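The values are calculated or read from the model by the stated rules, or taken from the named source; none is laboratory data. Since the model is a prediction, treat every value here as computed from it, not as a measurement. All Cβ positions, glycine included, derive from the backbone under ideal geometry; neighbour counts span all protein chains shown. Remember, those area values only see protein heavy atoms, side chains included, never the ligands or the DNA or RNA. Shrake-Rupley method; radii C 1.70, N 1.55, O 1.52, S 1.80 Å.
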Amino acid sequence: MTTVLTPATPLTAADRCDRCGAQAYLRVVLLSGGELLFCAHHGRKFEPELKKIAAEIQDETERLTSAPAVNADTEDR
């Protein structure tokens, strides 16, 4: 059986951690077909177990340390 994964959509502020309700930065697509969302803290905490059951892990934790984009239209206001 071959599984083709579609490109993941970026996580938004509306995506919440299934463990604590904080903003999700990791999406775990399970081998069974479901998905789980985790904040960075719980993603790191459960990472070893998640790798065993994941078909794909979408990790966007780099967004926590990157500088936000500056909008040139509002920069001088």
Nearest-10 value in Å² for the accessible area of Val70, using the 1.4 Å probe: 110
Below 12 angstrom from the Cβ of Ala8, what's the summed charge of the other residues (Lys, Arg +1; Asp, Glu -1)? -4
